[in-house]
Amino acid sequence: MSWKPSLDELKRRQKMALEMGGADKVARQKSRGKLNARERLNLLLDKDSFREIGMLAGKGEYDAEGKLTASSSSNFLFGRGDIAGRPVVATADDFTVRGGAADASIIRKFQQAEKMAHQLRLPIIRMIDGTGGGGSVKMLEDMGFTYVPFVPAWEDVVQNLEKVPVVALALGPTAGLGAARVVASDYSVMVKGLSQLFAAGPAVVAALGEDHDKESLGGSNIHTRNGAVDDEAEDETEAMAMARAFLSFLPDYAGGELIRIETADTVDRKDDSLISVVPTDPKKVYNMRRIIEPVFDKDSVFEMGRHWGRAVITAFARLDGWPVAVLASDPTFLGGSWTAHTAEKARRFVELAAKFKMPVIHLVDNPGFMIGLEAERAATIRRGVETMNAIYRTDIPWASVIIRKAYGIAGAAMSDHTKFQYRFAWPSGDWGSLPIDGGVEVAYQAELSKAKDPEAELTKIKARLGNVTSPFRTAEQFLVEDIIDPRHTRPLLCEFIHLVMR
């Protein structure tokens, strides 16, 4: 007796699994401009590093003698692989098999993939295309009954969000559970024109009298602008590159050590461009990214969420090879004023940094919360205070550089003032409880009403106040720690990172 027949049967079943939904459906996937699940795994992971788990799972068809005649593969693939030599759990929905709808084996595989990530403390990457493990009307007919809804393995999804890096790539239409799996992540990406995300698709919302196609209802131009999804890629190759870049800054799990890489960039590099970035005219704006690029290690900045909450920039970068989380104001959008979306974006980013114990560098130019009726309707003050609370709850190393404005409660959210302030200010620093220009006429109303020439008197008052508001007056009282030459920003932040990463 030999095991050869069994081994031959194993090879036959493995070959069936590799055929996925069959040649026609694989070709249809390709005609839509989409990679198939196995191509996606190969593109994401280091070459020859993927080991599939549960390859034989699916639904078999048998003849009267019990011999397998055909097999419908599982449409959820997962296993372990490497990214830059580091192990991860990689999953991919296979839209060529039943359009991503679930059966019992798929749900079990989904559960095991999520459990593998948090129990072995491995990053997990979800490549989602379809309902992502959700049900279908036809599945209910096949079952013969319906059920009170629940989400299988969601407790494992929650644990992963607490313990390991979670990346989600939406690579096709994603609805229901698939959409939920996209947003339940630390970092998410949609592909422009290829992927859409919605709670329910066009055919369902038509019952509300709304007529949409997939793109107009849930395209990347919607969800990367409202904060549901972090970033938008031009194609699947760029989406995979974004996922790899994001993971390169993080430890394998919460509590794991941050990884320093060798860099040829010098600690004491001083960039002369920094002394001319901020205009001396306080009414003129400047590009904060022109500060970020020369301060951090060359070619190390990875920005996330650029299209939403735009008054704040969120990025990973490196200082002398160490990974850091960069929070920076963007004065080119609403002067840097915090909207409700901006506050939410900052809060989420601070919580991500706290999860992985990443030091935060905050480059501050914040004139305060956005004001006006729309800002009040958006509950901006609540979102802003929630962000400040998140900052005060963190126990991660934090350094702030005040580039220009820091006003009001939003300005106070630059750091937790109860801790030692590793903080520097540029000579362009301008701070207070409220901007002087906004309150002079009210505060000096009596004097102005008595003046023979109110305009001239107002000019004199503003000149006096200009002296009082000098950042050097604040430094005299040690209410700001250090005013620095902007060119010294990188060396001083490298000093900070060496101290905290000892």
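Are any of the residues in segment 379-398 touching a residue at least 60 places away in the same chain (Cβ under 8 Å), under 23 Å from the mean Cα position of the chain (by Cα) and either surrounded by 23 or more Cβ atoms within 10 Å (Cβ to Cβ) or in the same structural domain as Pro282 (by TED's automatic domain parsing) (or both)? Taking every residue of segment 379-398 in turn, at least one turns out to be touching a residue at least 60 places away in the same chain (Cβ under 8 Å), under 23 Å from the mean Cα position of the chain (by Cα) and either surrounded by 23 or more Cβ atoms within 10 Å (Cβ to Cβ) or in the same structural domain as Pro282 (by TED's automatic domain parsing) (or both). Contact map, segment 35-53: first residue assigned by TED's automatic domain parsing to the domain that holds Ile106, second residue part of a helix (DSSP H, G or I), Cβ cut-off under 6 Å, separation 6 or more or different chains; pairs are Leu35/Glu236; Asn36/Val26; Asn36/Gln29; Leu43/Met240; Leu44/Met240; Phe50/Leu41. Note on segment 8-37: residues that are within 19 Å of Ala57 (Cβ to Cβ) and assigned to a helix (DSSP H, G or I) amount to 13. Residue count for segment 257-284 under the criterion of being assigned to a helix (DSSP H, G or I) and more than 29 Å from the chain's Cα centre (by Cα): the result is 4.
Counting residues in segment 255-267 that are modelled with pLDDT under 95 and of a type in the set (Lys, Arg) gives zero. At least 2 residues being touching a strand residue (DSSP E or B) at 6+ places or on another chain (Cβ under 8 Å) and closer than 30 Å to Leu258 by Cα is the threshold, and among the helices (runs of 4 or more DSSP H) wholly inside segment 409-502 those reaching it are 489-500.
Just so you know, in segment 445-469 the residues that are touching a helix residue (DSSP H, G or I) at 6+ places or on another chain (Cβ under 9 Å), farther than 24 Å from Trp431 by Cα and of a type in the set (A, V, I, L, M, F, W, C) include one that is modelled with the highest pLDDT, and it is Ala451.
Just one of the listed residues (Arg13, Arg40, Arg32) is within 22 Å of Gln112 (Cβ to Cβ), out of contact with any helix residue (DSSP H, G or I) (no Cβ under 9 Å at 6 or more places or on another chain) and either surrounded by 11 or more Cβ atoms within 10 Å (Cβ to Cβ) or modelled with pLDDT under 90 (or both), and it is Arg13. Entry remark, segment 81-101: residues being in a strand (DSSP E or B) and crowded, with 19+ Cβ neighbours inside 10 Å number 8 in total. For residues that are in contact (Cβ under 8 Å) with a residue 60 or more places away in the chain and loosely packed, with under 12 Cβ neighbours inside 10 Å, scanning just segment 262-279, find the one that is nearest to Tyr187 (Cα to Cα). The extreme case among them is Asp268. Of note, Asp211 does not satisfy the criterion of being of a type in the set (Asp, Glu), in the same structural domain as Gly321 (by TED's automatic domain parsing) and out of contact with any Cys (no Cβ under 9 Å at 6 or more places or on another chain). For Glu495, the conditions (1) surrounded by 12 or more Cβ atoms within 10 Å (Cβ to Cβ); (2) of a type in the set (D, E, K, R); (3) over 20 Å from Val326 (Cβ atoms) are fulfilled apart from (3).
Checking every residue in segment 102-112 against the condition of being surrounded by fewer than 17 Cβ atoms within 10 Å (Cβ to Cβ), of a type in the set (D, E, K, R) and within 26 Å of Ala239 (Cα to Cα) gives zero matches.
The values are calculated or read from the model by the stated rules, or taken from the named source; none is laboratory data. Being a predicted model, the structure only gives us computed values, none of them experimental. Don't worry about glycine lacking a Cβ; one is built from the backbone with ideal geometry, like all the others, and counts go over all protein chains shown.
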